[in-house]
Amino acid sequence: MTSPTSILEGPVIPLAPTDCLRLGVLASGRGTNLQALLDLAAAGQIPAQVVAVASNRRDAMALERAHRANVPTAVFPRADYPSRVAQEEALIAFLRENRVELVVLAGYVPVLGPTMLESFPNRIINIHPSLLPAFGNTLHAQADALRHGVKISGCTVHFVTSQVDGGPIIVQRAVPVLEDDTEETLAARILAEEHQALPEAIRLIAAGRVVIEGNRTRIRSAPLHS
Ligand code: GRF
């Protein structure tokens, strides 16, 4: 039996098992997913530490949350740089200074370009508020789900590739869509699951249990690394 592999490079194990994965979180907004990671890390409930937080917006509440937790922050507004490449180079320098091992997009709005993707190959994950591939590549996934009349929605944590919201899926969690849901009630139900799903994906990656095979992942029962 042949095992499925990526055409270019075969199975990829993103990281060796570790007790303290160094996370760099990128966020453009209120930062509740960041807060969940900060709280779990402080309580020793994830084998990870948030070591850097960056945003493209100076007014992101996520920055305030990072300050309160004494995590280094930096802001890289697109308008401050002559090109997206220059903006991403500054962001990469900040992440490298803080020895970030895994980049977590937690409500980060800009689409990453090749400069960033190539600097952290298979080391960038994103949380999206739908069961991908449904309702991807939008900032209104919950409203779109309601409009479409789906009976189940949820969230997805996936690796980031050049295909927006199309990279290998690591974790999904489902929620029911209720008859009287509004965009706000559905978003809140999904958000509660996001706060579980992102830590769950980080635990799996830190344990060395996630193997990327082409455009899917395989979750091993034990790490491949010794
Ligand atoms: C979440 O719904 C996430 O799925 C999406 O952006 C939102 C960020 O929320 N990508 P928060 O800033 O973490 O509260």
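The values are calculated or read from the model by the stated rules, or taken from the named source; none is laboratory data. Just so we're clear, the structure is a prediction, and the values are computed from it rather than from any experiment. As a convention, Cβ positions derive from the backbone with ideal geometry for all residues, glycine included, and neighbour counts pool all protein chains shown. Protein only, heavy atoms only, side chains kept; ligands, DNA and RNA dropped before computing areas. Shrake-Rupley method; radii C 1.70, N 1.55, O 1.52, S 1.80 Å.
If R₀ is 30 angstrom, what is the calculated FRET efficiency for the pair THR115 and ASN215, using the beta carbon separation as r and rounding to 0.05?
In this case the efficiency is close to 0.85.
How long is the gain from ALA192 to ARG68 if the chain were fully straight, where each residue apart is worth 0.36 nm and the alpha carbon distance is subtracted?
This chain segment gains 42.4 nm when fully extended.
Just the accessible area per residue of the chain, please: how many Å² with a 1.4 Å probe?
I get 49 Å² per residue for the chain.
Normalised by the residues of the chain, what does the relative contact order come to in percent, with Cα pairs under 8 Å and at least six apart?
It comes to 23 percent, rounded to a whole number.
Which value in nm describes the separation of the simple spin-label points at SER162 and GLU89, placed 7 Å from the Cα toward the beta carbon?
Calculated label separation equals 2.0 nm.
Relative contact order for the range 126-219: what percent, with Cα pairs under 8 Å and sequence separation of 6 or more?
28
Shape verdict for the range 17-121, please, from the Cα gyration tensor: rounded (a/c under 1.5), prolate (a/b greater than b/c) or oblate.
Cα axes put the range 17-121 in the oblate bin.
Would you mind computing, in nm to one decimal, how far apart the modelled labels at LEU139 and GLN49 are, each placed 7 Å from Cα along Cα→Cβ?
Inter-label distance under the simple model: 3.4 nm.
What is the dipole size for the range 126-219, taken about its Cα centre, with +1 at each Lys and Arg Cβ and -1 at each Asp and Glu Cβ, in debye to the nearest 20?
500
Once neighbouring chains are kept in place and the probe is 1.4 Å, which whole percent of the accessible area of the chain is contributed by carbon and sulfur?
52
Kindly identify the chain as rounded, prolate or oblate by the Cα gyration tensor criterion: order the square roots of the eigenvalues as a ≥ b ≥ c, call it rounded if a/c is under 1.5, otherwise compare a/b with b/c, prolate if a/b is larger, else oblate.
Rounded, because the longest to shortest axis ratio a/c is under 1.5.
Could you run the Karplus curve 6.51 cos²θ - 1.76 cosθ + 1.60 with θ = phi - 60° over the range 204-217 and give me ³J(HN,Hα) per residue in whole Hz, x for Gly and Pro?
Result, ordered by residue: 5, 5, 5, 7, x, 9, 9, 10, 8, 10, x, 9, 9, 10 Hz.
I want the local charge near GLY208. Using Cβ-Cβ distances under 13 Å, sum +1 for each Lys or Arg and -1 for each Asp or Glu among the other residues.
Spelling it out: positives minus negatives among the neighbours equals +2.
Rounded to the nearest 20 debye, what is the charge dipole size of the range 17-121 about its Cα centre when +1 sits on each Lys and Arg Cβ and -1 on each Asp and Glu Cβ?
Roughly 220 debye, rounded to the nearest 20.
Taking 41 Å as R0, compute the FRET efficiency from the Cβ-Cβ separation of ALA222 and ASP80 and round it to 0.05.
Working from the Cβ atoms, E equals 0.35.
Hey, got a sec? Which trypsin sites (Lys or Arg not before Pro) in the range 17-117 land in a DSSP loop and have at most 16 other Cβ atoms within 10 Å?
When the trypsin sites (Lys or Arg not before Pro) of the range 17-117 are filtered for loop state and at most 16 Cβ neighbours within 10 Å, ARG30, ARG58, ARG99 remain.
What length, rounded to one decimal in nm, is gained on full extension from GLU184 through to ARG22, with 0.36 nm per residue of separation minus their alpha-carbon distance?
Extending this stretch completely gives an extra 55.0 nm.
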